[in-house]
1. Give me the lysines in straight-line cross-link reach of residue 354: C-alpha distance below 30 Å, same-chain residues under 8 apart excluded.
2. Can you give the Rg/Rh ratio of the stretch 255-426, where Rg is from the C-alpha atoms and Rh is the Kirkwood radius?
3. By how many degrees, between 0 and 90 and to the nearest 10, does the Cα long axis of helix 409-421 differ from the longest principal axis of the chain?
4. Using a 1.4 Å probe and ignoring any ligands, DNA or RNA, find the accessible area of residue 352 and quote it in Å² to the nearest 10.
5. On C-alpha positions alone, give me the angle between the axis of helix 328-348 and the longest principal axis of the chain, in degrees, nearest 10.
6. Please state, rounded to one decimal and in Å, the Kirkwood hydrodynamic radius that the chain gives when every pair of distinct Cα atoms enters the mean of 1/r.
7. Under a plain spin-label model, where a point goes 7 Å from the Cα along Cα-to-Cβ, how far apart in nm are residue 223 and residue 3?
8. Tell me the label-point distance for the pair residue 139, residue 43, using the 7 Å Cα-to-Cβ offset, in nm and rounded to one decimal.
Amino acid sequence: MPYLSNIIFAILLITGVVFFTKNVKKLMRNIRLGQNTEVSDNKSQRWKNMAMIALGQSKMVRRPISGFLHVVVYVGFVIINIEVLEIIIDGLFGTHRIGLKVLPTSLYGFLIATFEILAVLVFITVIIFWVRRNILKLARFWKSEMTSWPKNDGNYILYFEMVLMTLFLVMNATDTTFQAMNAGNVVSQFIAPWFSGLSESTLHIIERTAWWLHIGGILVFLNYLYFSKHLHILLAFPNTYFGKLKPKGELNNLEAVTKEVKMMMDPSIDPFTAPAEGAESEAEPVKFGASDVQDLNWVQLLNAYTCTECGRCTSECPANQTGKKLSPRKIMMDTRDRLEEVGKNIDANKGVFKDDGKQLLDDYITKEELWACTSCNACVEACPVSIDPLSIIIEMRRYLVMEQSAAPVELNNMMTNIENNGAPWPYNQMDRLNWKNE
C-alpha cells in the first residue's frame, strides 16, 4: 500500500491532537471551578505585561545566568519547531522536504542552518541545566517539597529536549539529498561522517527512523505537558495577561466587610432598619476566605497550573530563609494537586463533585505555613510568570480568622489592644508619653 505511511502518520497526528484537546478541556474545566473575578480592566497594560514577561522573559533575566540559559532554550525550542510544519505536510501528503519545493534553496538553507545552530545551543544549555540540577544541586531544586515526581519531572523534560535535538540533527545528517545540497547543513555536515560506510538504503532507514521518532516525540511531549510543570510553556501567556495590576502589596478587600465597617462608622445609619421598598437586600456571602480550591478565584487556580516549580519565590521568601515551614512554591504545588484531585473526583462521579472529606486547608496546607508568611510580597516579585502565592495565603487566613476564629494568640492580642487602646501595644492611651518622664 503506497499510502500506508501517510495513513499511519495521520492516525498518529490525530490521536495526539485529540488527547491534547481532551486535556485542555479538562484543564479549562478545573480552572473554571474557581470563583469569578473581574480582570478585564486596563487591557493595554495587560497586553504589555504578556509581551514583556511571557514573550520577552523580562523577569526571567533578573538572574542573568539562568535567565540567559532559559532564553536560549525557549527561543531555540520554539523556532526549531517551525520545522514541524514541514514534517506534518510531508507526513500527510507523502512529500519529502516540501520546503525545498516552495522556497528558494538559499532561504530554505538559511532556515535549516538556523535550526541546526539553535539545536546545538539548546542541547548544550540543557546539559548545563541538568548539571546545575543534579550535580551542583542548587538548593532551591532540593527543598522538602521537591519529592520524587517534581524532582524527576524536571529531568524528564531535559531528557526529552536532548533526544529531540539529537533526532533532528541525525535526521538531517543521514538525509543524503539534503547533504548533497550543501546548504543549511552547518552542523549536520560534521555528524554525517559518523555514518560513512553505510549503504544508502541503511542511511535512508536511519533518516526515516529519526524522522518518525522526532515527530512522535513532539506529540508525546505535547501531551505530557498537562501532567508536567512545563505546562507554563502554554499558560505563561494567559497568566501574565490576567496577572495582578494593583500597586505592589495592595490587598483586595471583601466588599461585604467594607460595607459593614462603613455602617459602623456612620452614626446616621441604623443597621436594624429594613431596606427601602424596592431595594434589593444583599445576601451574605456563603463563606469568608477560602478553605478549598473551589473558594479561590479562577485566576488563582490558573496561577497554580502555571507554576514552573523553579523555586525563585521560595528562595526569596524571608520566612523560608529563617527556617519557617512556609514555601510559596509548595503553596502553589499543593493548590494544583488538590485541584487535580477535585477534577478526578468530578470525572469519577459523572460531572458532579462528591464530598471526599478533604480540603486544601489542613490536608494540604497547614496553619503553620499560612501564619509564617510576613505578607512581604517577595514571592510575587520573584515569580518569572506573575504568579501570586500571597493572595492564596491571605484568602486562607481570612477563612481561619472570619470563619473559624482561629487566629494566633499574638494576633488576637494585637487586635484586642487596637480595639481597646488604639494601638497594637498593651498600654492605655493616657500612658503613651510616660517614657518622656523616665
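1. Partners within reach: 22, 25, 26, 229, 287, 330, 344, 367.
2. On the Cα set of the stretch 255-426, Rg over Rh gives 1.04.
3. 40 degrees
4. Surface open to solvent at residue 352 totals about 90 Å².
5. Between the helix axis and the principal axis of the chain, the angle is about 80 degrees.
6. Working: mean 1/r = 0.0389 Å⁻¹.
Over the chain, the inverse of the mean reciprocal pair distance is 25.7 Å.
7. My value for the distance between the label points is 2.5 nm.
8. The two pseudo-label positions are separated by 4.5 nm.
The values are calculated or read from the model by the stated rules, or taken from the named source; none is laboratory data. Just so we're clear, the structure is a prediction, and the values are computed from it rather than from any experiment. Neighbour counts are summed over all protein chains in view; Cβ atoms, including those assigned to glycine, are modelled from backbone coordinates with ideal geometry. With ligands, DNA and RNA removed, areas are computed over all heavy atoms of the protein, side chains included. Shrake-Rupley method; radii C 1.70, N 1.55, O 1.52, S 1.80 Å.
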